[in-house]
Amino acid sequence: MNTSRKDQLGQIFRFALVGGVNTGTFFGIYLLLHPWMPYFAAYSLAFVLAMIGSFFMNTYFTYRTRPTWKKFFLFPLTNVTNYVIQSVGLYALVAWAGMDTRIAPLVAAVVAIPFTFLISRRILVPGAARTTESEPAGAGRSRV
C-alpha cells in the first residue's frame, strides 16, 4: 500500500470519527431546541451550529490542514448536498413514513455521509481533486 493510499484511509477513518462526534453534537443541539421550536427550525439551526464545529474538526484533525477564511466560506458548499439529502429524507421519514421527529434526523444523516466526505476533501485539501482524478489506479506516485 503506497503512502497516498495510507493517507486517504487515515482521512476516511478520521472523517468517520469526526462525523460521529459531529452527529452527536448536532443531535444534542437538536434535542435541546426541539421543545422550543418547530422540528424543522430546530433541525436547521442545529445543522448550522454543528457545521461550524465540523469545519474546525475536519481542517485540524481529518485533513490536517490549516483553516482559512476562504475554506471557511467554501465549507458550507460541502454541506449543501448533505443538507438537501437530509432535508428531503427528514421530510419523507416524518411525513410519509410517520417516523418520530426525534429519530428521523439520524436516519436521514446516514445516507448523506459519503457525499459529504468527497466534497469536503475536495474543498479542504489543496490539490486533492487533481491527485485523485489524475492518478491511475494502483499508481505508486510519491507526494511532493
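Which ones in the stretch 63-77 are at negative phi and either surrounded by 13 or more Cβ atoms within 10 Å (Cβ to Cβ) or in contact with a helix residue (DSSP H, G or I) (Cβ under 8 Å, 6 or more places away or on another chain) (or both)?
Tyr63, Thr65, Arg66, Pro67, Lys71, Phe72, Leu74, Phe75, Pro76, Leu77
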**Asked** If you check Ala92 against the conditions, is it surrounded by 13 or more Cβ atoms within 10 Å (Cβ to Cβ) and modelled with pLDDT of 90 or more?
**Response** yes
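Results for (1) farther than 20 Å from Val111 by Cβ; (2) at pLDDT 90 or above, shown as yes or no for each residue.
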position	(1), (2)
Ser4	yes, no
Ala50	no, yes
Phe55	yes, yes
Phe72	yes, yes
**Request:** May I ask you to list the residues in the stretch 24-50 that are open to solvent by less than 50 Å² (accessible area, probe 1.4 Å) and either more than 20 Å from Tyr91 (Cα to Cα) or among the small types (Gly, Ala, Ser) (or both)?
**Result:** Gly24, Gly28, Ala41, Ala42, Ser44, Ala46, Ala50
**Val111, sole failed condition from (1) modelled with pLDDT of 80 or more; (2) more than 14 Å from Gln11 (Cβ to Cβ)** = (1)
**Among (1) surrounded by 17 or more Cβ atoms within 10 Å (Cβ to Cβ); (2) closer than 15 Å to Val125 by Cβ - the single one Tyr60 does not satisfy** = (1)
**Message:** β-branched (Val, Ile, Thr), modelled with pLDDT under 95, open to solvent by 60 Å² or more (accessible area, probe 1.4 Å) and under 13 Å from Ser120 (Cα atoms): which single residue out of Val21, Val80 fits that description?
**Reply:** Val80
**Asked** Mind checking which residues of the stretch 95-108 are hydrophobic (A, V, I, L, M, F, W, C), open to solvent by 30 Å² or more (accessible area, probe 1.4 Å) and touching a residue at least 12 places away in the same chain (Cβ under 8 Å)?
**Response** Leu106, Val107
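The values are calculated or read from the model by the stated rules, or taken from the named source; none is laboratory data. Source: prediction; values computed, not measured. Neighbour counts run over all protein chains shown; Cβ positions are idealised from the backbone, glycine included. The accessibility values were calculated without ligands, DNA or RNA, using every heavy atom of the protein model including side chains. Shrake-Rupley method; radii C 1.70, N 1.55, O 1.52, S 1.80 Å.
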